[in-house]
Amino acid sequence: MNAQMPSDLNNKRVIITGGAGIICGEIATFLAQAGASVAILDLSAERAEQKALEISKTCNQKAIGIGCNVLDKKSCDAANDKIKEAFGGADILINGAGGNSPKATTACEFIADADIDNLDQTFFGLDIDAFRNVFDLNFMGTLLPTMIFARSMVQNKDGVVLNISSMNSYRPLTRIPAYSAAKASINNFTAWLAVHLAKQNVRVNAIAPGFLLTNQNRFLLTDPNTAELTARGSKILSATPMNRFGTPEDLLGAVKFLVSDMSKFVTGIVIPIDGGFSAYSGV
Ligand code: NAD
């Protein structure tokens, strides 16, 4: 069959930030298996290169790994130059770098009367630099790479941007205000940019994964000594109608839909992939 299928990613060139991480590493391998060339960008150059090597060996696709800090314009510009040299440009940008930090996390969910004399355990004691780092990593770390890597997509009148949001974006989760605010900003920015770029045939969408057990949330969801679920981990499972945590593979169908021509008239949306968490009122 000669006709190009709308799901076809052959000859597509993908940039994926945070590409050495758990979720984006899986997405990068999947897109390479579907025929795309991939540029893995990560703060850790070593892990980015390792991942690229693994992909080029196992998927037989062109893959490069580049150390890049999504919060640093010079670093993104340098990565852009390397990508142009290796691939001649890019068709798809996935903004995957992100995460939370224990320092931007309150110790308690609610301020009880007993906490009044010890407000440092609450919102009032949060380390403002840690708060800013988490907010910036998730929001500015999406905005800045988009400014740099999507510019040529507009010039070519063809491209796709995929952002990674979270369940926090719809209703904030307790204890993690910086991460919640940043992911809510991503939804708003996704819609804003989709409109701004629509006449240039560049689409902008997002996925909002539910709860996956990964390095950034393991400390909140499981006990480090016993690996048993914490009270918060159990609460999440009972609020997830499908009654399990997600896996990176659960995200792949929606990713392929949003980055390929299967969704060529879809822009400005956020797809929840959450086992029903965002639909469930609890009763
Ligand atoms: P992860 O920690 O495995 O991956 C994140 C990657 O980003 C790491 O490889 C890290 O080195 C890289 N990174 C961190 N700071 C960077 C920077 N300044 N510049 C470039 N790279 C940087 O986390 P993950 O769970 O795979 O998360 C991937 C994305 O999915 C994040 O945006 C996260 O917020 C989002 N997400 C995760 C979950 C979950 O349950 N794990 C749920 C919803 C959304």
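Structural remarks
- Condition met for Asn69 (at pLDDT 95 or above, under 22 Å from Ala182 (Cβ atoms) and within 15 Å of the ligand (Cβ to nearest atom)): yes
- Any hit, the stretch 161-181, residues being assigned to a helix (DSSP H, G or I), closer than 22 Å to Cys68 by Cβ and either within 16 Å of the ligand (Cβ to nearest atom) or out of contact with any Ser or Thr (no Cβ under 7 Å at 6 or more places or on another chain) (or both): yes
- Matching residues in the stretch 228-283 - criterion: being among the aliphatic types (A, V, I, L, M), in a helix (DSSP H, G or I) and surrounded by fewer than 13 Cβ atoms within 10 Å (Cβ to Cβ): Ala231, Ala279
- Of all residues in the stretch 4-24, those satisfying the criterion of being within 8 Å of the ligand (Cβ to nearest atom), in contact (Cβ under 8 Å) with a residue 60 or more places away in the chain and of a type outside the set (S, T, N, Q) are Gly18, Gly19, Gly21, Ile22, Ile23, Cys24.
- Test set (1) within 22 Å of the chain's Cα centre (by Cα); (2) modelled with pLDDT under 95; (3) acidic (Asp, Glu) - Asp42 fails condition number: (2)
- In the stretch 189-223, the residues that are among the β-branched types (Val, Ile, Thr), more than 9 Å from the ligand (Cβ to nearest atom), outside any strand (DSSP E or B) and surrounded by 15 or more Cβ atoms within 10 Å (Cβ to Cβ): Thr190
- Only strands (runs of 3 or more DSSP E) whose full extent lies in the stretch 32-128 are considered here, and the ones with at least 3 residues that are in contact (Cβ under 8 Å) with a residue 60 or more places away in the chain and surrounded by 14 or more Cβ atoms within 10 Å (Cβ to Cβ) are 92-95.
- Of all residues in the stretch 129-157, exactly one satisfies the criterion of being open to solvent by less than 90 Å² (accessible area, probe 1.4 Å) and assigned to a loop (DSSP other than H, G, I, E, B), namely Ala150.
- Lone qualifier among Lys103, Lys157 - being under 24 Å from Lys256 (Cα atoms), touching a helix residue (DSSP H, G or I) at 6+ places or on another chain (Cβ under 7 Å) and of a type in the set (Lys, Arg): Lys157
- In the stretch 175-187, the residue that is farthest from Thr122 (Cα to Cα) out of those that are more than 15 Å from the chain's Cα centre (by Cα) and open to solvent by 30 Å² or more (accessible area, probe 1.4 Å) is Pro177.
The values are calculated or read from the model by the stated rules, or taken from the named source; none is laboratory data. Fair warning: this is a prediction, and the values are worked out from it, not measured in the lab. Ideal geometry is used to build each Cβ from the backbone, glycine not excepted, and the neighbour counts take in all protein chains shown. For accessibility, only protein heavy atoms count, side chains too; no ligands or nucleic acids. Shrake-Rupley method; radii C 1.70, N 1.55, O 1.52, S 1.80 Å.
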